[in-house]
Amino acid sequence: MAEYHVGCGAFAIYAGTLNSRNKNLWQNKTECTDEALCAVRDYMVQELLGGIDCHKATSSGYEWTLKDGRTVELRVTIKESSP
């Protein structure tokens, strides 16, 4: 069975399989940027905020420290609509 991967390129996020001899090259790939971002958004809302209908939290996220000490933050926030 093929082993699927998700990765980013210069212009998009891709899903597909890697070359069996060189794992740095795609064997085949499909651009999936919008689908991947929506999946991450939905996952974060469910796992970090308790779901779309939960009102316990409106913002949360993940963060990673880079080798140089800076921090990368990935956050999801649900805002009330403006009247």
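The values are calculated or read from the model by the stated rules, or taken from the named source; none is laboratory data. Quantities reported herein were computed from a predicted structural model and do not represent experimental measurements. All Cβ positions, even for glycine, are placed from backbone atoms using ideal geometry, and neighbour counts span all protein chains on display. When the accessible area is computed, the model is the full protein with side chains, heavy atoms only, and any ligands, DNA or RNA have been set aside. Shrake-Rupley method; radii C 1.70, N 1.55, O 1.52, S 1.80 Å.
Checking each residue in region 26-39 for being open to solvent by less than 90 Å² (accessible area, probe 1.4 Å), hydrophobic (A, V, I, L, M, F, W, C) and not in a strand (DSSP E or B) picks out 32, 36, 38, 39.
Only one of the listed residues (72, 76) is in contact with a Phe, Trp or Tyr (Cβ under 7 Å, 6 or more places away or on another chain), part of a strand (DSSP E or B) and under 20 Å from residue 13 (Cβ atoms). That residue is 72. Whenever a residue of region 66-83 is closer than 16 Å to residue 56 by Cβ and open to solvent by less than 100 Å² (accessible area, probe 1.4 Å), its partners that are assigned to a loop (DSSP other than H, G, I, E, B) and polar (S, T, N, Q), lying with C-beta atoms within less than 7 angstrom and at least six residues away or across chains, give the pairs 77/58; 78/58. On the stretch given as region 8-61, residues that are at pLDDT below 95 and among the β-branched types (Val, Ile, Thr) total 2. Residue-level analysis places residue 67 outside the set of residues that are at pLDDT below 95 and either within 14 Å of the chain's Cα centre (by Cα) or outside any strand (DSSP E or B) (or both).
Could you list all residues from region 52-65 that are exposed (fewer than 10 other Cβ atoms within 10 Å of the Cβ) and not acidic (Asp, Glu)? Quick ask: steps written out before the conclusion?
The first filter runs over region 52-65 and keeps only residues exposed (fewer than 10 other Cβ atoms within 10 Å of the Cβ), leaving 52-53, 55-56, 63-65.
Once the filter is applied, which keeps residues that are exposed (fewer than 10 other Cβ atoms within 10 Å of the Cβ) and not acidic (Asp, Glu), region 52-65 yields 52, 55, 56, 64, 65.
For region 5-54, residues that are touching a Leu at 6+ places or on another chain (Cβ under 9 Å) and within 27 Å of residue 76 (Cα to Cα) total 5.
Residue by residue, here is whether (1) open to solvent by less than 60 Å² (accessible area, probe 1.4 Å); (2) in contact with a helix residue (DSSP H, G or I) (Cβ under 9 Å, 6 or more places away or on another chain) holds:
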residue: 3; (1), (2): no, no
residue: 10; (1), (2): no, no
residue: 13; (1), (2): yes, yes
residue: 21; (1), (2): no, no
residue: 24; (1), (2): no, no
residue: 44; (1), (2): yes, no
residue: 50; (1), (2): yes, no
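Residue 69 satisfies every condition listed in (1) on the phi > 0 side of the Ramachandran plot; (2) touching a Gly at 6+ places or on another chain (Cβ under 8 Å) except (2).
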